[in-house]
Structures are given as structure tokens and as C-alpha cells.
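Everything below concerns the one structure shown next.
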Amino acid sequence: MTDTKGHLEAEDFRQQGHRIIDWVADYLAGDSRRYPVLSQVAPGDVADRLPDDMPVRGEDLDLMWRDFQDVVLPGITHWNHPGFMAYFGITGSGPGILGELVSAALNVNGMLWRTSPSATELELTTLQWLRRGLELPEDFFGFLTDTASISSLLALAAARDAAGLDIRRRGMAGRDDLPRLRVYTSDQSHSSIAKACLTLGFGLEGCRTIPHDSEYRMDVDALRRAIEDDRSQGIRPLAVVATVGTTSTTSVDPVGVIADVCQHNDLWLHVDAAYAGSAALCPEYRWCLDGCSEADSFVFNPHKWLFVPIDCSALYTRHPEIFRRAFSLVPEYLTTPESGSVVDLMDYGVQLGRRFRALKLWWVMRAFGLNGIQERIHHHIELAQEFARWIDDQPGFERMAPVPFSVVCFRARREGLDAEELDTFNLRLLEQVNASGEVYLSHTRLDDGIALRVAIGNLATTSADILRCRELLTDAVDDLSGKPRPEKR
Ligand SMILES: Cc1ncc(COP(=O)(O)O)c(C=O)c1O
């Protein structure tokens with residue numbers, strides 16, 4: 001190999017690149033099944049096999065490739081594996097991977113319009129495509145961030161600015177004139193909302209959780225009472241975060257009614273549709289965004305259920321000027337002749353440098369088309385519903401929440417166990433199934449106790465994988481109950 005002090009000559013790059021593309025193609029075509037979906041290494045195993053210091057002289061990339069196989073791959077939990085059904089199943093699809101590759105090659109920083117006009121304009125255009133696909137209002141301005149956590153943080157920072165408390169200039173610390181601020185969200189919302197509150201200086205007490213109803217949706221009467229109660233104590237209500245597709249059960253908060261409460265109380269409404277937003281690209285699931293047109297900000301993650309490799313989060317707002325007011329700070333070295341007449345995406349958040357994320361999104365949207373995306377989402381929902389029906393038919397299992405999309409919460413039933421023993425049994429069941437290496441499931445806690453979750457979102461997952469998951473579950477229940485397994489023919 002030519003010695004270029006690390007950087008590769010074109011021919012060497014081509015050779016290495018071809019090998020890696022071949023590997024990726026095989027991995028996506030099914031080779032991922034050769035690995036246990038949940039990594040089986042123990043803590044420290046990977047680090048123990050890595051040297052303490054970086055190499056002094058550049059190393060041979062063939063050797064590196066071998067180490068990738070021998071040292072790194074065993075420590076990979078394969079999110080792109082068809083048996084990955086934990087958390088939210090996702091897919092880094094072929095088109096998305098190609099977009100990511102080209103984006104790395106270009107290595108542009110889209111901080112300003114002029115630092116790559118295409119980065120800004122492709123971002124605004126793909127987000128407009130998505131907005132139209134979701135039938136969100138025309139005045140929703142959309143841009144990309146890395147994750148829903150950051151999108152929600154930015155949205156609540158904008159809500160803080162919109163409250164007119166001069167926090168941008170004066171900050172919050174040491175001010176007697178500043179009331180305590182409160183954000184409301186259901187007790188089923190994602191932890192990123194509470195984290196945003198603590199990051200923004202509201203404190204965890206600044207995030208008031210509202211109880212849920214029998215289907216894990218925010219109880220709006222309780223929300224109304226909490227707002228009144230806070231006002232009576234001199235606390236200033238600031239924003240409500242509604243969730244469309246909660247993390248545990250994918251329940252959908254009644255956003256329309258919550259929007260009325262927000263309007264009545266002059267509160268910012270942020271909607272977190274990180275997972276379920278994608279479903280609304282299908283006309284039959286658009287109901288899940290009912291009321292979202294009234295939101296002040298709205299997030300959903302193409303890296304969750306739109307086949308775009310992580311990371312990619314779409315943040316929309318009807319008040320882009322408030323985001324700019326909250327965040328824009330332009331030193332001389334970042335001014336350009338066109339400043340003010342173009343969108344400079346650095347003005348809408350904290351970060352300056354921005355990856356060209358829109359390229360992979362564009363690749364995916366064009367390669368799949370709206371119909372392709374809809375078909376895949378339907379298929380995932382069908383697989384999940386089929387699994388839910390099976391659970392409902394099994395005397396040894398029970399479903400623990402409604403299944404609006406592609407996530408099923410359930411548990412094994414055992415006679416004669418108290419609540420704690422039943423939780424322990426189900427956690428052991430989870431560990432046993434995951435140890436198979438064939439599927440990876442996760443868990444949560446619901447009103448009745450620990451629930452296991454099957455979450456379908458990988459393009460390669462088939463009915464046969466669901467069937468295998470069922471077998472693994474029944475076999476593990478038999479094992480844990482000391483029941484001999486029937487002979488397999
Ligand atoms: C409803 C919801 N919101 C936010 C998040 C956080 O997403 P991210 O990892 O993009 O920050 C999740 C993650 O699962 C989620 O389920």
C-alpha cells in the first residue's frame with residue numbers, strides 16, 4: 001500500500017472501499033443473522049483487547065479490517081438485525097447508507113447557507129416533503145437535528161424565549177422577578193423532556209408529570225387541574241409536551257384537547273412524535289396527528305421508523321422567528337453578504353457545525369417513494385398485530401396495553417406468583433430469550449407490572465422471525481417453569 005501517511009491514494013481507497021461495500025451489501029442481505037443480535041461480550045471485553053496508546057506509525061488497513069471483525073464486531077448489538085425488536089426497531093436502509101457515505105465524502109458543514117447551499121436547501125426541501133406527507137400546516141418550518149432529545153430541548157428553549165421573561169439577556173440565576181416555570185407532560189412521556197427541563201434551568205421540579213388514563217394517554221382533566229393549581233401558587237405555566245407514540249406503549253395523547261388547553265392558558269404546545277410520526281405518512285394512521293396542526297413545535301425522527309440511519313430528527317415549528325430570537329448570535333467571522341436574506345441553519349439552535357443529514361434522508365425518500373414507505377410501515381404494523389393476536393390467544397401470556405402501531409407490550413402469566421415474583425419471572429424470561437442471540441426484546445414498567453416489548457421496525461424482519469420469537473418465548477417459559485420441552489421433529 002502506498003505510504004501517504006494515513007490518507008489513502010485513490011486506488012487504495014477504491015480497494016478498501018470495495019471490500020467494505022461488499023461486506024455491507026452481504027450484511028444487509030442477511031449476513032447480520034450470523035451474529036447474535038444482542039452482543040454477548042462482558043463489560044470491558046472490547047476495551048481489554050485494544051492497546052492503551054494510539055499507534056505511532058500508521059497501520060495497515062488490512063490488519064485494521066481483521067481487528068474490526070475480531071475485536072469490534074463481537075461487541076456490536078446488531079440494530080440492523082431482523083431479530084432486533086427492542087426499544088424501537090429501526091433500519092439503516094441501503095439508500096440511507098449510500099447517502100451517509102456520500103455525505104462523509106463531501107464532509108460539508110452546513111452552518112451557513114453559503115458553506116454549502118445544497119445542504120441548507122436539500123434540508124428545507126426534504127422537510128417540506130415530509131411536512132406535506134404528514135399534512136401538517138404550510139407555515140410549519142422544519143429543520144434537522146441529531147435526536148428528538150435535542151429537538152425537544154430546542155423547542156422548550158424557544159418556549160422559554162416566547163414567555164417574554166428576558167431570559168436570553170438576563171439569564172435565570174439570581175433573579176427575584178422570575179417566577180418558577182413549569183412544563184407539563186404525561187408520566188408516559190420520554191425522559192428527554194425532563195432532561196430538557198433540567199438543562200434549561202427549570203429543574204426537575206419544573207417538569208410536572210400528569211397521570212395517564214386507562215390507555216396510557218395524558219389525562220387532560222388532570223392537566224387542567226395542575227395548571228390551575230400551579231397558577232394559584234404563583235408558578236408560571238410555560239409549555240405542555242404531548243406525545244404521539246409514547247415510548248413504553250406507543251399511546252397517543254389527545255393532542256386536539258391538549259391544544260385547546262394550551263390556547264386557553266397561552267402555553268406553548270410541543271408534540272413529541274419521535275416514533276409514531278412516520279405512521280402518519282399512511283392515510284389510515286393520519287388520525288394520530290389529529291390536533292398537531294395547532295402545535296407550536298413538533299418533532300419526529302426519520303431515524304426511528306423511516307429507514308434513515310441514525311441520527312436524523314425532524315423539528316418543525318410555526319414560529320421560526322422565535323427560534324432565531326432564542327439562538328441567533330452572529331460574530332463578524334460568520335457574517336456573509338447574503339446574511340438575513342437566506343436561511344442560515346446555525347441560527348435555529350445551539351450548534352454551529354452541521355452534518356449534511358438531509359442527503360441520506362433525500363436518498364431514502366427518493367428510493368422508497370411515499371408508496372414504498374407506506375407499504376413497509378403497514379407491513380410492520382401487520383406483523384405486530386399478528387403477534388398481538390397470538391398473545392391474546394395464549395393462556396400463558398397476556399397483553400398489557402393497546403397496540404396502535406408496531407409495538408406489543410405483554411407478559412407471561414403464572415399462577416400463584418405475587419406481583420414481585422411475576423416481575424422477576426418476566427425479567428428472567430426476557431434474559432433467557434435475549435441470550436438466544438436470535439432476537440432482542442426490551443421491557444418497561446406499566447400499571448400492572450413489568451411488561452416485555454416486541455417492537456417491529458426493521459425492514460428485514462419477516463413473519464418467520466416473529467414465529468421464531470414466539471417459539472423462543474414459549475420454550476423459555478417452559479424452561480423457567482421446569483417443564484420438559486416437547487420433542488421437536
Ligand atoms: C417518544 C420519544 N421521544 C424521544 C425519544 C428520544 O429519541 P432520541 O434518541 O432521538 O433522542 C424517544 C426514544 O425512544 C421516544 O420514544
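So the values come out like this:
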| quantity | calculated |
| --- | --- |
| Selected from VAL183, ALA159, ILE193, residue furthest toward positive end of dipole (the stretch 143-230; charges at beta carbon) | ALA159 |
| Theoretical gain in end-to-end length, LEU63 to ARG286 [0.36 nm per residue, Cα-Cα removed] | 75.2 nm |
| Cα-based shape type of the stretch 6-107, given that a ≥ b ≥ c are square roots of the gyration tensor eigenvalues and the cut on a/c is 1.5 | oblate |
| The chain - Cys residues lacking any other Cys C-beta under 4.7 Å | CYS262, CYS282, CYS288, CYS292, CYS312, CYS409, CYS469 |
| Fewest-first sequence of LYS5, LYS304, LYS483, LYS195 by Cβ atoms within 10 Å of each Cβ | LYS5, LYS483, LYS195, LYS304 |
| Amide H contacts of ILE210 (H built 1.01 Å from N, under 5 Å, at least 5 apart or other chain) | THR185, SER186, ASP187 |
| The stretch 330-489 - Rg (one decimal) and Dmax (whole number), Cα, Å | 23.2, 77 |
| More than 15 angstrom apart: percent of Cα pairs within the stretch 114-168 | 63 percent |
| The stretch 142-282 - percent relative contact order, Cα under 8 Å, separation 6 or more | 24 percent |
| Karplus-derived HN-Hα couplings along the stretch 357-368 (A = 6.51, B = -1.76, C = 1.60, θ = phi - 60°), whole Hz, x at Gly and Pro | 5, 4, 5, 5, 5, 4, 4, 5, 5, 6, 5, 7 |
| For the stretch 161-230: rounded, prolate or oblate by the Cα gyration tensor [a/c cutoff 1.5] | prolate |
| Sites GLU205 and GLN351 - FRET efficiency at Förster radius 30 Å, r taken between beta-carbons, to 0.05 | 0.60 |
| FRET E, pair HIS264, ASP187, Förster distance 22 Å, beta-carbon r, rounded to 0.05 | 0.45 |
| Global form of the stretch 262-324, assessed from the alpha-carbon gyration tensor, a/c cut-off 1.5 | oblate |
| Electrostatic dipole magnitude of the stretch 139-195 [Cβ: Lys, Arg +1; Asp, Glu -1; Cα centre; debye, to 20] | 220 debye |
| ³J(HN,Hα), Karplus 6.51/-1.76/1.60, whole Hz, each residue of the stretch 149-156, x for Gly, Pro | 4, 6, 4, 5, 4, 5, 5, 6 |
| DSSP-loop GluC sites (Glu not before Pro) across the stretch 71-177, with at most 16 other Cβ within 10 angstrom | GLU135, GLU138 |
| Fraction of antiparallel bridges per DSSP, the chain only, in percent to nearest 5 | 55 percent |
| Net charge dipole size for the stretch 3-105 [Lys, Arg +1 and Asp, Glu -1 on Cβ; Debye, nearest 20] | 460 debye |
| The chain, relative contact order in percent, only Cα pairs under 8 angstrom and at least six apart counted | 21 percent |
| Percentage relative contact order, the stretch 411-488, counting C-alpha pairs under 8 Å, at least six apart | 26 percent |
| Karplus-derived 3J(HN,Hα), 6.51/-1.76/1.60, for each residue of the stretch 436-448, Hz, glycine and proline x | 5, x, 8, 9, 10, 10, 10, 9, 8, 10, 10, 4, 8 |
| Computed magnitude of the charge dipole of the chain (debye, nearest 20; Cβ of K, R +1, Cβ of D, E -1) | 540 debye |
| Cα-derived Rg to Rh of the chain, Kirkwood definition | 0.99 |
| Amide H contacts under 5 Å for ARG180, placed H, 5+ residues apart | ARG236 |
| Nearest-0.05 FRET efficiency for THR336 and GLN16, computed from C-beta distance (R0 41 Å) | 0.65 |
| Cleavage-rule hits, GluC sites (Glu not before Pro), the stretch 3-69, DSSP coil, Cβ neighbours within 10 Å at most 13 | GLU9, GLU59 |
| Footprinting exposure proxy for VAL37, VAL408, VAL71, VAL433 (fewest neighbouring C-beta atoms within 10 Å first) | VAL71, VAL433, VAL37, VAL408 |
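Taken together, the values in this text are just the output of simple stated rules run on the coordinates, not laboratory data. Just so we're clear, the structure is a prediction, and the values are computed from it rather than from any experiment. All Cβ positions, glycine included, derive from the backbone under ideal geometry; neighbour counts span all protein chains shown.
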